[in-house]
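So the structure is just underneath, and the comments pick up after that.
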Amino acid sequence: MHYYQIHERLKQLFQQDSDVVKDDVLGVEIHKYPFFSKQADGILIGSERLFCSAHQEELEESFVKYTEDTDTLLDVPDYSVKENLNYTIAVVKPMDKPVCDEVIVMYHGLNEKKWDKYLPWAYALTKRTGKAVVLFPISFHMDRTPWQWSDRKLMFEIAQKRAADWKQNSDSSYVNAAISTRMEAHPQRMFWSGLQTYYDFIDWERALRAGAFDVLSPRATIDLFGYSIGSFLSIILMMANPLGILSQAKLVCFCGGMTIDRMFPVSKYIMDGRATIMMQKIFAQLLTTNFAAESRLNHYQDRVLHPGESWFKTMLRYNHFQGERESRLRELEKQILSINLKTDEVAPPVEALNMLKGPYRDIAIDVNIFDFPFKYSHMVPFPLTSKNAEEVDVQFNLIMDKMAQFYQKK
């Protein structure tokens, strides 16, 4: 069965309205579990009070809206988005293992709304390793957003307005209209939504240990997989190692592995130019002033107060906190593998080399750069086409074999 056929089969399987679906031909099953984001209250703007539970401290938000554009559909208090609080976590596992004692947590890319692309990847990894793959949606992505934010007609109108209001804007589309509008208005959302996901992961691990997932052993080992911005989040998790959860974990970065200023997300599928420029500008300003204008953000980026959460600031700009970042990466060098694509313009492989191996290439993280004999992109590494089906299969299998060997290496 070709890659594109596996993709279509799993897509149809995942879309079934059932909490448990199985495919006898592929030998996998998918289980879906409801999950609630407990710690969003107190973190996200719109909470009744902004509160750090670790220090029992009330904090004030120095909220600055960086654009005067207002859209009542998108410019809403983040905590009011109920879809972001109650969502679904899916588990892809082999049929021949009733309970899995090894888990790979998979994080996706920026502005993703469907798991379709990742299903063949999860399938390939679970079949090769025997580990269950947990599809973990990042805050305000996948099914964690209102349906209106993905509605073609509604978002097309917003995209047209964004293009008309700023003639120099580029790559504005109905696909990225929602995230572009929200990120331009308040770029700090990247941290707060990331922090919510960070805490969601900790709570998920606690639920796992409590036996909340019947197909996963409460004693299961945990590894990570991060694609694109998911790699950014996963590296922060590995560096932070909250509660020692990831002390023995391995991380595979795919099409990622660089600081946020060395990624170029301007794309009709990710973010438009105007939003990207604003995001980079604001984080550069915050870093150079040590977050002085944002007392709440400064609190969470204080290394003493929040040793885990504060790794975020080391991943914003390559030349900031470089010594701290590289020292920690050296400690993790046997636990991280990076797979990058030669012509990837969103996540250039040279930037993965620069960050993960260091400017003098003295960090022993394995960074692999692949180039395919067919047209591909950051958004579509493996084209869903019958024309190059066999070539796609070969390259896909090479990469999945490389990842699986790394996960299984003792």
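The residues on offer are 272, 261, 223, 214, and the sole one that is out of contact with any Lys or Arg (no Cβ under 8 Å at 6 or more places or on another chain) and acidic (Asp, Glu) is 214.
Residues that are surrounded by fewer than 24 Cβ atoms within 10 Å (Cβ to Cβ) and either polar (S, T, N, Q) or over 20 Å from residue 137 (Cα atoms) (or both) within segment 240-262 comprise 241, 243, 244, 247, 248, 259, 261, 262, listed in sequence order.
One residue stands out among those in segment 381-408 that are in contact (Cβ under 8 Å) with a residue 60 or more places away in the chain and among the aliphatic types (A, V, I, L, M): the one that is most open to solvent (accessible area, probe 1.4 Å), which is 384.
Checking segment 352-374 against the condition returns a match, with at least one residue being of a type in the set (Lys, Arg) and open to solvent by less than 60 Å² (accessible area, probe 1.4 Å). Counting only helices (runs of 4 or more DSSP H) that sit completely within segment 263-381, those holding 3 or more residues that are over 30 Å from residue 114 (Cα atoms) correspond to 273-288, 295-300, 322-331.
Select from segment 1-43 the residues that are closer than 29 Å to residue 85 by Cα, of a type in the set (Ser, Thr, Tyr) and open to solvent by 20 Å² or more (accessible area, probe 1.4 Å) and list them in ascending order. 18, 33 - these are the residues of segment 1-43 that are closer than 29 Å to residue 85 by Cα, of a type in the set (Ser, Thr, Tyr) and open to solvent by 20 Å² or more (accessible area, probe 1.4 Å). Scanning segment 162-191 for residues that are open to solvent by 60 Å² or more (accessible area, probe 1.4 Å) and free of Cβ contacts under 8 Å to residues at least 60 places away in the same chain yields a count of 2.
The values are calculated or read from the model by the stated rules, or taken from the named source; none is laboratory data. The structure presented is a predicted model; accordingly, all values stated were derived computationally and were not measured. Counting neighbours? That spans all protein chains shown, and the Cβs are built from the backbone with ideal geometry, glycine included. Ligands, DNA and RNA are excluded from the accessible area calculation, which covers all protein heavy atoms including side chains. Shrake-Rupley method; radii C 1.70, N 1.55, O 1.52, S 1.80 Å.
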